[in-house]
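Peer 1: Take this structure first; my questions come after.
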2 protein chains.
Amino acid sequence: MTTTGYALLGLLALRPWTTYELAQQVRRSLSWFWPRTERKLYDEPKRLVAAGFATAREEFTGKRKRTVYEITDAGRAALRAWLGEPSAPPSMENEAMVRVFFADGGDVASLQVTLAAMADGARVRLAELEAMEGGEYPFPERRHITRLAMRLQQRQEQTMIDWATWASAEVARWDATTSPG
Amino acid sequence: MTTTGYALLGLLALRPWTTYELAQQVRRSLSWFWPRTERKLYDEPKRLVAAGFATAREEFTGKRKRTVYEITDAGRAALRAWLGEPSAPPSMENEAMVRVFFADGGDVASLQVTLAAMADGARVRLAELEAMEGGEYPFPERRHITRLAMRLQQRQEQTMIDWATWASAEVARWDATTSPG
DNA sequence: GGATGAATACTGCCGTTGGCAGTAAGTAGA
DNA sequence: TCTACTTACTGCCAACGGCAGTATTCATCC
C-alpha cells in the first residue's frame, strides 16, 4: 500500500465514489498536497479492492458501465492505523526555481519573466483557494479540518508572492545575472 | 530533454563534474526544489552527451574509472534558451498533510503527533539552511543567486512552522477529530 | 603492517508514476 | 439532427524511485 492508496482510502471513508468522481474530487482537494494524475486514480482503487480495503460494484447508465467503490471495515481500520504512522518529509518540485538557480546562464530579462510568472501563478492559486473558502462545502461536517489544510496552502502561496516580489526588486538592481552590480 | 536534464546542464555550466560529484552537489542544493534520486543522476548525463550538450571523458584513479562531464557550446546555448521558456507550476508532495486532511478517520492524539512532526521537520531543515548560509560557498561569485533561492526555502520552512504551531493550538481545543468542540 | 570501515563510482532490476492519446457512450442546446 | 461537452474509462511508454549489489581506493586504528 502506497500513500496514494491511503489517500484514496481516506476519500472512500467519506462516502462511496465512482472513479470518475474520485478523480474530480482529488483535483479539487487532495492534489494541492498530493498531486497524482487522473490515470493513476483509475488503477489504485482496484488495488484497494485486492487488499480487502474496499468493494467495487458495477452500475449502469444505459449501456455505459461505471464502478462504484465503497470502503470496508478492514479499510477503515487500515486507514486509522496509517494515520498514526510517521510521514515522509515534504518534497517540493519547482521548475521555476531551477531557472532562478541557474539564472547566470541567461540574461536579467529572462530571470524577471520567470519571477513575474511565479508571482502570477501564486496569485491565481490564492484566488482559487479563496473562492473555495467562500463557496459551498461538499462535506460541511468536515469544515474544521479542511480549514486547517486550506490555511497552510494559502500561507504558502502568500509566501511565494512575497518572495517573488522581493526577489524581483533585488534583481532590478543587478547589472547582469553574473554580477549584483 | 527533461527539466532534470536542464538542471544537470545548469550544474555543468558552472564547472566539469564527475557523476558522483554531481550527485553530491544535487543533494546539497538542487534537491531543495528539484529532488531526484541519485540513481537518475547516473543516467541523465549520458543523454546530455547523446544530445551534444556535454562531453564525457574517462579518468582513472589507479584501476578505478570515473567519468568527467563537461558542457559544450551547444549545451550553453540550449541552457540559455531553456531559461527563457515558461515553467510548469510548482508541485508539493506532503504526506503529512494527507494525514491531516483525513484526520477524522483517526484520533486527536495521532493528529497532534503528525503536526508536531511537521514542525520538527521544518525546524531541522531551517537549521540546515542557516548552517549552509553561514558556511563556505563552493561558488562565491554566485552568492547573489544562491541567496535568492535560499531565502525562498527559509521562508517556506518558517511558514510551515508557523502553520503547524497555529494548527496544533486549534486542535488542542477539539473534543474529537470529528467535532471542533 | 593488516584489518576495518567509510568514501568513491557506478550498474541492475523492478514497481510506480506521469502524460498523452484513444475509445465509446450519454446529455444539453441550436 | 448535428455538435460539443461530460462521463467513464484503457493502452502505451518514458521517467522516476528505491533497493541491492559490485568493486576499488582511502583513512584510521590497533
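The values are calculated or read from the model by the stated rules, or taken from the named source; none is laboratory data. Note that this is a predicted model, so its numbers are computed, not measured. Quick reminder, even Gly has a Cβ in these numbers, built from the backbone with ideal geometry, and neighbours come from all protein chains shown. Accessible surface areas use protein heavy atoms only, side chains included; no ligands, DNA or RNA. Shrake-Rupley method; radii C 1.70, N 1.55, O 1.52, S 1.80 Å.
Peer 1: Of the residues A:Gly106, A:Gly134, which is in contact (Cβ under 8 Å) with a residue 24 or more places away in the chain, over 22 Å from B:Met160 (Cα atoms) and either at the interface with chain B (Cβ under 9 Å from one of its Cβ atoms) or out of contact with any helix residue (DSSP H, G or I) (no Cβ under 6 Å at 6 or more places or on another chain) (or both)?
Peer 2: Working: A:Gly134 fails: in contact (Cβ under 8 Å) with a residue 24 or more places away in the chain.
Of A:Gly106, A:Gly134, the one residue that is in contact (Cβ under 8 Å) with a residue 24 or more places away in the chain, over 22 Å from B:Met160 (Cα atoms) and either at the interface with chain B (Cβ under 9 Å from one of its Cβ atoms) or out of contact with any helix residue (DSSP H, G or I) (no Cβ under 6 Å at 6 or more places or on another chain) (or both) is A:Gly106.
Peer 1: Turning to a different aspect of this structure: Somewhere in the range B:30-40, is a residue away from chain A (no Cβ under 14 Å), under 22 Å from the mean Cα position of the chain (by Cα), more than 23 Å from B:Met150 (Cα to Cα) and within 10 Å of DNA strand D (Cβ to nearest atom)? Break it down into steps so the answer makes sense when it comes.
Peer 2: As a first pass, look at the range B:30-40 and keep what is away from chain A (no Cβ under 14 Å): B:38-39.
Filter again for under 22 Å from the mean Cα position of the chain (by Cα), leaving B:38-39.
After this cut, where a residue has to be more than 23 Å from B:Met150 (Cα to Cα) as well, the list is B:39.
Retained after the next criterion (residues that are within 10 Å of DNA strand D (Cβ to nearest atom)): B:39.
There is at least one residue in the range B:30-40 that is away from chain A (no Cβ under 14 Å), under 22 Å from the mean Cα position of the chain (by Cα), more than 23 Å from B:Met150 (Cα to Cα) and within 10 Å of DNA strand D (Cβ to nearest atom).
Peer 1: A follow-up question, please. Given the criterion within 15 Å of DNA strand C (Cβ to nearest atom), β-branched (Val, Ile, Thr) and without any contact (Cβ under 8 Å) to a residue 40 or more places away in the chain, identify the matching residue among A:Thr18, A:Thr37. So that I can check it myself, show each step before the final result.
Peer 2: Values: A:Thr18 fails: without any contact (Cβ under 8 Å) to a residue 40 or more places away in the chain.
The unique qualifying residue is A:Thr37.
Peer 1: Condition first: within 14 Å of DNA strand D (Cβ to nearest atom) and either open to solvent by less than 50 Å² (accessible area, probe 1.4 Å) or touching a residue at least 12 places away in the same chain (Cβ under 8 Å) (or both). Now tell me which residues in the range A:60-76 satisfy that. Break it down into steps so the answer makes sense when it comes.
Peer 2: Here is the first cut: in the range A:60-76, the ones within 14 Å of DNA strand D (Cβ to nearest atom) are A:60-70.
Within the range A:60-76, A:Arg66, A:Thr67, A:Val68, A:Tyr69, A:Glu70 meet the criteria.
Peer 1: Also, quick follow-up: Of the residues that make up the range B:1-19, is at least one more than 8 Å from chain A (Cβ to nearest Cβ), of a type in the set (A, V, I, L, M), surrounded by fewer than 14 Cβ atoms within 10 Å (Cβ to Cβ) and within 20 Å of the chain's Cα centre (by Cα)?
Peer 2: Looking for residues that are more than 8 Å from chain A (Cβ to nearest Cβ), of a type in the set (A, V, I, L, M), surrounded by fewer than 14 Cβ atoms within 10 Å (Cβ to Cβ) and within 20 Å of the chain's Cα centre (by Cα), one finds at least one in the range B:1-19, hence yes.
Peer 1: Being more than 8 Å from chain B (Cβ to nearest Cβ), open to solvent by less than 20 Å² (accessible area, probe 1.4 Å) and in a helix (DSSP H, G or I) narrows it down to one of A:Leu152, A:Leu129, so name that one.
Peer 2: A:Leu129
Peer 1: Still on this structure, please answer the following. Could you please give the count of residues in the range B:25-34 that are surrounded by 14 or more Cβ atoms within 10 Å (Cβ to Cβ) and either within 9 Å of DNA strand C (Cβ to nearest atom) or assigned to a helix (DSSP H, G or I) (or both)? Break it down into steps so the answer makes sense when it comes.
Peer 2: If we filter the range B:25-34 for residues that are surrounded by 14 or more Cβ atoms within 10 Å (Cβ to Cβ), which is where we start, we get B:25-27, B:29-34.
Next, from what is left, pick out any that are either within 9 Å of DNA strand C (Cβ to nearest atom) or assigned to a helix (DSSP H, G or I) (or both): B:25-27, B:30-32.
Count: 6.
Peer 1: Of the residues in the range A:77-102, how many are more than 7 Å from chain B (Cβ to nearest Cβ), closer than 22 Å to B:Ala122 by Cα and touching a residue at least 24 places away in the same chain (Cβ under 8 Å)?
Peer 2: Qualifying residue count for the region: 1.
Peer 1: Still on this structure, please answer the following. If only one of B:Leu48, B:Leu79 is open to solvent by less than 40 Å² (accessible area, probe 1.4 Å), more than 14 Å from DNA strand C (Cβ to nearest atom), modelled with pLDDT of 95 or more and outside the structural domain of B:Ala167 (by TED's automatic domain parsing), which one is it?
Peer 2: Working: B:Leu48 fails: more than 14 Å from DNA strand C (Cβ to nearest atom).
None of the others qualify; the one that does is B:Leu79.
Peer 1: Follow-up. Hey, could you check the range A:10-24 for residues that are of a type in the set (Gly, Ala, Ser) and part of a helix (DSSP H, G or I) and say which is farthest from B:Val98 (Cα to Cα)?
Peer 2: Among those that are of a type in the set (Gly, Ala, Ser) and part of a helix (DSSP H, G or I), it is A:Ala23.
Let's see how each residue does on (1) modelled with pLDDT of 95 or more; (2) out of contact with any strand residue (DSSP E or B) (no Cβ under 8 Å at 6 or more places or on another chain); (3) exposed (fewer than 14 other Cβ atoms within 10 Å of the Cβ):
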position: A:Arg99; (1), (2), (3): yes, yes, no
position: A:Glu136; (1), (2), (3): no, yes, yes
position: A:Ala172; (1), (2), (3): yes, yes, yes
position: A:Pro180; (1), (2), (3): no, yes, no
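Peer 1: So is A:Asp107 open to solvent by 60 Å² or more (accessible area, probe 1.4 Å), over 15 Å from the mean Cα position of the chain (by Cα), among the charged types (D, E, K, R) and in the same structural domain as A:Glu133 (by TED's automatic domain parsing) or not?
Peer 2: yes
Peer 1: Look at B:Arg147 and say whether it is out of contact with any Phe, Trp or Tyr (no Cβ under 8 Å at 6 or more places or on another chain) and open to solvent by less than 60 Å² (accessible area, probe 1.4 Å).
Peer 2: Working: out of contact with any Phe, Trp or Tyr (no Cβ under 8 Å at 6 or more places or on another chain): yes; open to solvent by less than 60 Å² (accessible area, probe 1.4 Å): no.
Against the criterion (out of contact with any Phe, Trp or Tyr (no Cβ under 8 Å at 6 or more places or on another chain) and open to solvent by less than 60 Å² (accessible area, probe 1.4 Å)), B:Arg147 does not qualify.
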